[in-house]
Amino acid sequence: MKIGLVLSQPPSYSETFFNSKVLGLQKAGHTVKLFVQTSTRDFKVNEVKTAPKVYKNPLIQIGSMIRHAIALIPHIRKVNHFLSLEKATVRSFKQRLKNVYTNAHLLKADVDWLHFGFATIALQSENVAQAIGAKMAVSCRGYDMDVYPLKHPKCYNLLWKRVDKVHVISNYMETKALSLGMQKETPVQCITPAIEGSKFQPDNNSKQKNKLQITTIARLHWIKGLTQTLEALARFKKSDIPFHYTIIGTGPQYEELAFAVHQLNLKNQVTLLGQAKQKEIIDILNQTDIYIQYSQSEGFCNAVLEAQAMDCTVVVSNGGALPENVIDGETGWVITKNKPELLAKTLKSCVEHWEDHEEIRRKAKERVKQHFNLQQQSKQFLEFYE
């Protein structure tokens, strides 16, 4: 079987979700081709095809269009089929031509499945799979379902009509997709994220004893609930328990969060670390006592899996799929979102009953090991295309 995986760029070697999928399919004898918008990374696992670039210089753009048009001549039947589908979709002539250009690398593909790794990447490419005689799959993730449709209502209407099978990373994602117009009869398979267990081995001797270490790994974005987390920590500070809070990540909310740290008098307790490599993240988690993910919503959240594997006490909100990731009272704590006072109270309780929660941390590690491993995930993806 020949499978085309469409991404914005090739996955790095630390992105185990995509790498394990590619390697697992290849090991089973399938051919996997990557189709990307930009190819800036050294990815040698398999063939990578890059989308045509859009240039600001009109002369360079015209030249590029001519080159790609010539390259599409051997595939003229696919192009004509694509144009007829685009016309039936009631897209303007200009948009149809633009879509032929931006999808040129896909229109030349010889695959059985064309799988878009994110729903947003499939926009303006919804007709490609049918045009080239392939089945179409799409993965639904947090940003696709929770954020993008807020600014672009009904953006997936055509996608739901064209897709043959949908991959969701949580049951919550399936519910969200249905609320956004996905047809009930569409085949759906839930394959959750997974982690490489061998990389996440906790060293309990690294845990800090004199000062509580708290961590969050997240893009600095309103949906991650970081402002509410800081408000909770300002309340928690009044309990006179020494702590330090590290936020790992970058994003548009940096200035707002930096101001909140100042306004809440948390400069000595909070570090906005920025981006970090996986090894540094593992080192920080090794020193982390409590991991917080107080998001408005999450598609699932790999970082929470990693924190549980690293023997952290995990406190999350009830936003999105987080209650699927953490079992409240069994593998961590799931509390109502948008209630900083409740988060502060929960943190205080975690400290006061630290020894009593050792069994919860053990169960969390075991659950991640048993249910969120790469071997199981790879097997599920093999089943997905059958």
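Here are some notes:
- Among the candidates K348, K337, the residue that is of a type outside the set (F, W, Y), at pLDDT 95 or above and not in a helix (DSSP H, G or I) is uniquely K337.
- Condition met for D110 (surrounded by fewer than 16 Cβ atoms within 10 Å (Cβ to Cβ) and either in contact with a His (Cβ under 6 Å, 6 or more places away or on another chain) or in contact (Cβ under 8 Å) with a residue 12 or more places away in the chain (or both)): yes
- Index of the failed condition, T215 passing every other in (1) buried (at least 18 other Cβ atoms within 10 Å of the Cβ); (2) more than 16 Å from the chain's Cα centre (by Cα); (3) part of a loop (DSSP other than H, G, I, E, B): (3)
- So Q296, is it of a type in the set (S, T, N, Q) and touching a strand residue (DSSP E or B) at 6+ places or on another chain (Cβ under 7 Å): no
Quick grid of which residues meet (1) over 23 Å from G319 (Cα atoms); (2) surrounded by 20 or more Cβ atoms within 10 Å (Cβ to Cβ); (3) modelled with pLDDT under 95; (4) out of contact with any Cys (no Cβ under 6 Å at 6 or more places or on another chain):
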{"site": "A69", "(1), (2), (3), (4)": "yes, no, yes, yes"}
{"site": "F82", "(1), (2), (3), (4)": "yes, yes, no, yes"}
{"site": "Q95", "(1), (2), (3), (4)": "yes, no, no, yes"}
{"site": "A119", "(1), (2), (3), (4)": "no, yes, no, no"}
{"site": "S125", "(1), (2), (3), (4)": "yes, yes, no, yes"}
{"site": "W160", "(1), (2), (3), (4)": "yes, no, no, yes"}
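- For segment 306-322, filtered to residues that are part of a helix (DSSP H, G or I) and under 17 Å from the mean Cα position of the chain (by Cα), the residue that is surrounded by the fewest Cβ atoms within 10 Å (Cβ to Cβ) is E306.
- The one condition in (1) touching a residue at least 24 places away in the same chain (Cβ under 8 Å); (2) under 20 Å from L123 (Cα atoms); (3) of a type in the set (V, I, T) that V90 fails to fulfil: (1)
- Within segment 236-272, being surrounded by 14 or more Cβ atoms within 10 Å (Cβ to Cβ), farther than 25 Å from S198 by Cα and among the aliphatic types (A, V, I, L, M) holds for L257, A258, A260, V261, L264, L266, V270, L272.
- Among the candidates R367, R362, the residue that is out of contact with any Ser or Thr (no Cβ under 8 Å at 6 or more places or on another chain), of a type outside the set (A, V, I, L, M) and free of Cβ contacts under 8 Å to residues at least 60 places away in the same chain is uniquely R362.
- Residues that are assigned to a loop (DSSP other than H, G, I, E, B) and more than 19 Å from the chain's Cα centre (by Cα) were ranked within segment 1-38; the one that is modelled with the lowest pLDDT is A28.
- One residue from Q375, Q380 being part of a helix (DSSP H, G or I), surrounded by fewer than 16 Cβ atoms within 10 Å (Cβ to Cβ) and not aliphatic (A, V, I, L, M): Q375
- Of everything in segment 330-356 that is closer than 24 Å to A194 by Cβ and either surrounded by fewer than 24 Cβ atoms within 10 Å (Cβ to Cβ) or in contact (Cβ under 8 Å) with a residue 40 or more places away in the chain (or both), the residue that is nearest to the chain's Cα centre (by Cα) is V334.
- Positions within segment 101-117 being modelled with pLDDT of 95 or more and either part of a helix (DSSP H, G or I) or within 21 Å of Y148 (Cα to Cα) (or both), in sequence order: Y101, T102, A104, H105, L106, L107, H115, F116
- Cross-chain or 6+ apart pairs with Cβ under 7 Å, segment 57-75 first and more than 13 Å from L106 (Cα to Cα), then assigned to a helix (DSSP H, G or I): M65/Y101
- For segment 145-166, filtered to residues that are part of a loop (DSSP other than H, G, I, E, B) and out of contact with any strand residue (DSSP E or B) (no Cβ under 8 Å at 6 or more places or on another chain), the residue that is farthest from S179 (Cα to Cα) is H152.
The values are calculated or read from the model by the stated rules, or taken from the named source; none is laboratory data. Note that the structure is a prediction, hence the values are computed from the model and not measured. FYI the Cβ positions are ideal-geometry reconstructions off the backbone, even for glycines, and counts take in every protein chain you see.
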